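All remarks here apply to the structure that follows.
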Amino acid sequence: MEKKFDFAMIGLGVMGRNLLLNMADNGFAVVGFDKDAIKTNALESSATAGTTVKGVNTLEEMVAALAKPRKIIMLVPAGKPVDDVLTSLQPLLEKEDVIIDGGNSHYTDTMRRIESQRAFGFHFMGMGISGGEQGARTGPSIMPGGDANAYKNVQPVLEAIAAKEGNEPCVAYMGKGAAGHYVKMVHNGIEYAIMQILGEVYDILKRGKGIGNAELHTLFAGWNKGDLQSYLIEITAAIFLQKDETSDADLVDKILDVAGSKGTGKWTSQSAMDLGTGIPVIDAAVTMRSISGLKADRVKAAALYHLPEKNIATDKETITQQMHDALFSAIVICYAQGLAMLQKASTDLDMQIPLQDAVKVWRQGCIIRSAMLGLFYKVCNNNPSISNILLDDSIASLINDKIKGLRSIVVAATEAGIPSMALSNALNYFDAFTTDRLPLNLTQAQRDFFGAHTYQRIDKEGVFHTHWNG
């Protein structure tokens, strides 16, 4: 194999194949490795005419084909498979070669691998990729982090294949260490939360007001033309029109109400707890997926408690306007929690995440792309150290105008017995965050009473302990 290739891909599933073909379409010579000859053949047969694409079935052949320093992306399942590939690569590579993990690895694994690969003289990066199979082929959102010098080496390729907002590529260096995978993890947590919010909106309107799928399509499609425009609302509108191939029913009504997950939402919640930052909307989304898995128990409980569902009395025109405002408010609050978490991790984990760049790369290509991100980008660009975007005047003016809708919807859903955990948590987070005196003074008194944990006072400096009357 005389041709020296620019980039290699390990793992030719749908994402890996499409990302490699995207590189080839942008003028780079690429080689893909997979043990499965069917996948390597599919790679070559899918290539655009005139591009340079090669499939191989041994790592030795792949490594020999690459120009130095070699640049390799892995798109293999997270966990042990990543370590197994790295072990196989170690005797084949040389110092200064670049290895990129493009899967959804846990950030702690990425931190460990950065150190282990440095010992061999390799540059290791963790890189988040969002956009699904279509995004990988035509332009994903890309979140690389780790070795800054290695990023400069691969930057031209990544900028060429990334989605574009205007002429600006949706890729940027996310920071030190495992920042790339950390930003992608929080991205996925936000994705979980918005999907749960949309599910609750659907449930309240359908069960609470009896609005059918065709009308829901019209409503969501209309929202997608305004300030709620986003990829997730766009596909939700489309879902309501999809018919079941085996019947005349709408497909969404035939799908079992049990949601799967790959763990990134749970990781987001776990990391937020470790950091001491609140992300209750994301937590609610993770919890609701867990509860959805209790299908048999839920069916038994529904029969045991036989709680009658109540129709929401609010007229349709009013509730749809309230729902627009509730949806807008909840989504902003959801983003606020995720971005506040990134800001905290940037400092506490010494990742030095440029918040404005994290927002910038989400504007196109990724699953959570939204018209709102343009506003968030301005906020973070004007004030990169902002601890929470809810503290920005422009955000406050929008939420002040719409929070009443969220409050009305949560009350209506609660009275109707329709679960609204994400919407409720968004409202309660907002109410807590905007309250200047919370009842946690009582909590501190209790802690001091039973455990002598001490407390601070509002009228004098210092740390205090009281011998409480027991």
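Bear in mind these aren't lab numbers, they're just calculated from the coordinates by the rules spelled out. These numbers come from a predicted model, not from an experiment. Note that each Cβ is placed from the backbone with ideal geometry, even for glycine, and that neighbours are counted across all protein chains shown.
Here are some notes:
- Considered as an equivalent ellipsoid built on the Cα gyration tensor, the stretch 7-173 has semi-axes of 22, 19, 15 Å, the largest given first.
- Under 16 Å from residue 316, Cα to Cα: lysines that are on another chain or at least 8 residues apart: 206, 209
- For the chain, a Kirkwood hydrodynamic radius built from all Cα pairs, placed in the Stokes-Einstein relation at 20 °C and 1.002 mPa s, yields a translational diffusion coefficient of 88 µm²/s.
- Cross-link table 344/378; 360/402; 35/71; 184/295; 262/310; 35/152, entries beyond 27 Å C-alpha to C-alpha: 184/295; 262/310; 35/152
- Cα gyration tensor shape of the stretch 402-451, rounded if a/c is under 1.5, else prolate or oblate by comparing a/b with b/c: prolate
- For the chain, the membrane-span-like helices by this rule, meaning whole DSSP H stretches whose C-alpha atoms cover at least 30 Å of axis and whose Kyte-Doolittle mean is 0.0 or above, are 179-203, 316-348, 393-416; this says nothing about an actual membrane.
- For the stretch 1-68 versus the stretch 281-303, the gap between their alpha-carbon centres in whole angstrom: 43
- Net dipole in debye of the chain [+1 Lys, Arg Cβ; -1 Asp, Glu Cβ; about Cα centre; nearest 20]: 300
- Each part gets one Cα centre, and for the stretch 124-179 versus the stretch 309-383 those centres are 21 Å apart.
- Per-peptide average of other Cβ atoms within 10 Å, ordering 377-389, 289-301 highest first: 377-389, 289-301
- Prolate/oblate/rounded label for the stretch 353-470 (Cα gyration tensor, a/c 1.5): oblate
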